[in-house]
Amino acid sequence: MRSVIAAEAIRRIPFFTHVSPIRLERLLAASTTERYEKGQTVFHQGDRANAFWIVCEGWVHLVRSATGAQGSHPIVIFTITPDEVLCGISAIE
């Protein structure tokens, strides 16, 4: 029953609207839930993507390191919010 509820919730996310019910169930069967603390790194720039993430709560900031006169500092280049998908293309190839 849990996967049915999850499938209905995930189907509302635009990324999954055209995924067949069978493929969606397979995806859910292979999925796990992970929690990250604020400020925790999910992956590093240049890492090969072996997964994709659906943000259920909170925000995920994609950050790039920039070097300037003051030294190196992080710059937020994009923010992913709840019900959005964070995905490297290599994860779905």
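The values are calculated or read from the model by the stated rules, or taken from the named source; none is laboratory data. It should be emphasised that the depicted structure is a prediction, and the values quoted were computed from it without experimental measurement. Cβ placement follows ideal geometry from the backbone for every residue including glycine, while neighbour counts extend to all protein chains displayed. These accessible areas exclude ligands, DNA and RNA; they are computed on the full protein's heavy atoms, side chains included. Shrake-Rupley method; radii C 1.70, N 1.55, O 1.52, S 1.80 Å.
Remarks
- Angle in degrees between helix 2-11 and the longest Cα principal axis of the chain, rounded to the nearest 10: 60
- Solvent-accessible heavy-atom area per residue, rounded to whole Å², over the chain at 1.4 Å: 83
- If the chain linking Lys38 and Ile75 were pulled fully straight, counting 0.36 nm for each residue of separation and taking away their Cα-Cα distance, it would gain 11.7 nm.
- Two-site label geometry, Arg12 and Asn50: point separation in nm, points 7 Å out along Cα→Cβ: 3.3
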